[in-house]
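Data block below; observations after.
Bear in mind that the values in this text are calculations on the coordinates, not laboratory data. Keep in mind it's a predicted model, so treat the numbers as computed, not measured. Every residue, glycine among them, receives a Cβ derived from its backbone with ideal geometry; neighbour counts consider all protein chains shown.
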Amino acid sequence: MKKTVFVDGQHGTTGLKIHDRLKVREDLEIVEIPVESKKDTKSKSKILNEVDIVFLCLPDDAAKESVSLIRNEKVRVLDPSTAHRTSPEWEYGIPELNPGQRAKIKASKRVSVPGCYATGFNMCVHPLTAAGIIPRDYPISSYAITGYSGGGKQMIASFENEGRNPDEIASRPKNLDLCHKHLPEMQKYGLLERPPIFTPIVGNFYNGLLVFTPLYSHLLAQAKQGDEIRSFLEEYYYGEQFVRVFSQSETEAIGDGFLSPTACNETNNIDVFVFARTDHTLLVARLDNLGKGASGAAIQNMNLMIGAPEDRGL
């Protein structure tokens, strides 16, 4: 029997991606609300309580409002917004995060889809803090370069405006107030006592993402070198179909020193690199900010929740 799915906010960047991926699946039936009724609380509430799965592709306040309308305890909800990512009542949607996370997602009625930056950061940092390699009080910092689609319609329009100054949009550091909205989940699931210093940079390309986290070897609890960290992560993610930890030889083969941020685009994959010298290690995660960083992750979690193959539609 087909599962019924409602994408609340299907016309936004993430909502469109999810809707397009789901509409071709034979195991699902997409339920849509007429455009003229999308702000009608009564009409929306009826749909929210009749379907099997709801995706909340909405601003935070609107996502919270939609959740408050759900009275049917059988409805399962996935929220790609920031609204519930650190809530104890919601499971955090990185199935690969630790050995028990996949089972928690399968059993949950409420799953929060992680932010794109937080996905790259936490999949590098969480295994190392959980194992005691990175101390939880480590003064950690991170930076990233991402495609402009991550900023939503307004940012997309500013980058694609024909009258734009190309020099001004070559790269744009943002959130220099050090209060990025992904910081709470980066701290919580990075298992850190304090939030990292995090600086995102928006590049002049549509989608793709690199997240960088540098480490000093002498500040690590076990004074691990880069090759030991790489081996640890290779073992940690062994068998994960969407995670690839690049070997030392594969990393060294990046001979020109330039790492493409777009090589995982249109996939649900995440690539993990460990660049190292004697005293320094640089962790790098590469993913599609619209794939493993948004719609792909949402669908991967949904597949787990409904008992479908994890990679279906991905």
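Mind checking which lysines have their Cα closer than 19 Å to the Cα of LYS39? Skip sequence neighbours fewer than 8 apart in that chain.
Within the straight-line cut-off, LYS39 pairs with LYS64.
Can you compute 3J(HN,Hα) from phi for each residue in the stretch 262-272, using the Karplus curve 6.51 cos²θ - 1.76 cosθ + 1.60 with θ = phi - 60°, rounded to whole Hz and x for Gly and Pro?
Along the stretch 262-272, the couplings run 10, 5, 9, 4, 6, 10, 9, 7, 9, 9, 10 Hz.
For the stretch 139-147, take each phi angle, set θ = phi - 60°, evaluate the Karplus expression 6.51 cos²θ - 1.76 cosθ + 1.60, and give the result in whole Hz per residue in order, putting x for glycine and proline.
After applying 6.51 cos²θ - 1.76 cosθ + 1.60, I find x, 8, 9, 7, 9, 8, 10, 9, x Hz.
If I require 20 Å or longer along the helix axis, counting alpha carbons, and a Kyte-Doolittle average no lower than -1.0, what helices from the chain are left? Use full DSSP H segments.
116-130
Can you classify the stretch 54-164 as rounded, prolate or oblate using the Cα gyration tensor, where a ≥ b ≥ c are the square roots of its eigenvalues, rounded means a/c under 1.5, and otherwise it's prolate if a/b beats b/c and oblate if not?
oblate
Return the long-range amide H neighbours of THR82 (sequence gap of 5 or more, or a different chain), with a cut-off of under 5 Å between placed amide H atoms.
ASP60
Picking from PHE258, THR82, ILE70, whose Cα lies most toward the positive end of the charge dipole for the chain (charges on Cβ: Lys, Arg +1; Asp, Glu -1)?
ILE70
Along Cα→Cβ, 7 Å out, is where each label goes; now give me the distance between the ones at ARG194 and TYR206 in nm to one decimal.
4.1
What is the distance, in nm, between label points placed 7 Å from the Cα along the Cα-to-Cβ direction at HIS11 and at LEU176?
Label at HIS11, label at LEU176, 3.5 nm between them.
Nearest 20 debye, what's the magnitude of the dipole of the stretch 116-289 about its Cα centre given +1 on Lys and Arg Cβ and -1 on Asp and Glu Cβ? Numbers along the way, then the final one.
Numbers: 13 positive and 20 negative charges, 101 e Å.
So the magnitude is around 480 debye.
Using packing as a proxy for protection, rank 23-36, 145-158, 215-228 so that the peptide with the highest average count of other Cβ atoms within 10 Å comes first.
145-158, 215-228, 23-36
Ordered by packing density, taken as the mean number of other Cβ atoms within 10 Å over each peptide's residues, highest first, how do 201-213, 183-195, 108-120 rank?
108-120, 201-213, 183-195
Please report the relative contact order for the stretch 1-94, taking Cα pairs under 8 Å with a sequence separation of at least 6, and give it as a percent rounded to a whole number.
28 percent.
Can you work out ³J(HN,Hα) from phi for every residue in the stretch 29-34, in order, using Karplus 6.51 cos²θ - 1.76 cosθ + 1.60 and θ = phi - 60°, giving whole Hz and x for Gly and Pro?
Karplus-based 3J(HN,Hα) across the stretch 29-34 equals 10, 8, 9, 10, 9, x Hz.
Let me have the relative contact order for the chain, percent, based on Cα pairs under 8 Å that are six or more residues apart.
Values: 629 pairs, mean separation 56.9, N = 314.
Dividing the mean separation by the residue count of the chain yields 18 percent.
When Lys and Arg each count +1 and Asp and Glu each count -1, what net charge do the other residues less than 9 Å away from VAL75, Cβ to Cβ, add up to?
+1
Under 13 Å between alpha carbons, and skipping anything fewer than 8 positions from LYS3 in its own chain: which aspartates and glutamates qualify?
The qualifying aspartates and glutamates are GLU26, ASP27, GLU29, GLU50, ASP52.
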